[in-house]
1. In whole angstrom, and with the biggest value first, how far do the Cα coordinates of the range 117-156 range along each principal axis?
2. Sum up the lysine pairs in the range 120-234 that clear both bars: alpha-carbon distance under 26 Å and a spacing of 8 or more or different chains.
3. Compare the Cα positions of Ser182, Ala197, Tyr232 along the charge dipole of the range 179-234 (+1 at Cβ of Lys, Arg; -1 at Cβ of Asp, Glu; about the Cα centre) and return the one farthest towards the positive end.
4. Mind putting a number on the dipole of the range 142-233 about its Cα centre? Charges go on the C-beta only, +1 for Lys and Arg and -1 for Asp and Glu, and I need it in Debye to the nearest 20.
Amino acid sequence: MVRSRTERTPAPPSGLGEGAGLYRLSAALGPRKKTSAPGGKERGASRRCCGLARSTLGKAVVNRVFNKLSPLHQHIYCALSGSAADAQAMVDMAAYQLELHGLELEECPLVLAAANVVRNISYKYREDLSAHLIVAGWDQRDGGQVYGTLGGMLTRQPFAIGGSGSTYIYGYVDAAYKPGMSPEECRCFTTKAITLAMNRDGSSGGVIYLATITAAGVDHQVILGNELPKFYDK
C-alpha cells in the first residue's frame with residue numbers, strides 16, 4: 001500500500017502533548033525459520049506485527065478499536081506507541097519519504113531504509129514528538145526484519161515490544177520466546193503476550209490486530225475480545 005502525497009514533507013505538529021491520545025502497547029516479531037538466499041546467506045522467512053486497539057486520553061478511552069499498525073510501504077509496517085497524534089505525524093512523514101525513495105530506486109525500499117527514515121525523524125524531533133515506532137517488514141535482500149527506533153536509536157531484534165503495557169510482560173516474552181518458532185507458534189506467542197498486557201494495563205485493551213508480512217504480501221487478522229486466551233487472575 002503506497003501512500004500518495006503531493007505536498008512537501010510536513011513540519012512537526014505544534015502543541016501536541018502526550019495527552020493527545022496514547023497507543024499503549026505495540027509488538028513486532030517473527031520466527032527464526034530461515035530460507036537460503038543467493039550466496040549462501042540465510043534470511044528470515046517472514047515478520048509479524050501486532051498492536052492493540054485502545055487509544056486513550058488520560059484515563060479516558062477515546063477509541064476502543066483503533067488499528068495501531070500503519071503501512072509505510074507495500075511490505076513494511078510499523079507498530080505505534082506513545083502520543084497518537086505524534087505517532088501519526090511520524091508515519092505520514094516516513095511514508096512520504098519512502099514513497100519518493102521507492103520512485104527514485106524504481107523498486108520497493110529496504111526495511112532497513114524504512115527503519116532509518118523513522119529513526120531520523122525520531123531523533124530530529126525528539127524534543128517535539130513523543131512516540132515510538134517499531135518497524136517490521138520483508139525485502140528481497142534480508143527477508144524478514146524487526147527494528148526498534150526509540151529516541152533515534154536503531155536496533156535490529158528478533159522481537160520487540162513497546163508502550164505502557166509492555167512493562168508488564170518483559171518476563172513472559174523473555175521466558176516464552178524461542179528461536180525457530182513456527183508461524184502458528186509465533187502467532188500464539190504474540191497473542192498471549194498482548195493478552196497478558198491487556199489484563200494488567202488499564203490503557204491497553206480492545207482487540208488485537210495481527211499482520212503477517214511475507215514475500216507474497218501482508219495477511220491481516222483481527223482477534224476479538226471474546227476470542228482472547230484465558231489466564232488465571234485473582
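None of the figures in this text is laboratory data; all of them are computed from the coordinates on show. Values in this document were obtained by computation on a predicted structure and should not be read as measured data. Backbone-built Cβ (ideal geometry, glycine too); neighbour counts: all protein chains shown.
1. 35, 12, 12
2. Numbers: Lys178/Lys192; Lys178/Lys230; Lys192/Lys230; Lys192/Lys234.
Here the count comes out as 4.
3. Tyr232
4. Numbers: 6 positive and 8 negative charges, 25 e Å.
For the range 142-233, the charge dipole is close to 120 debye.
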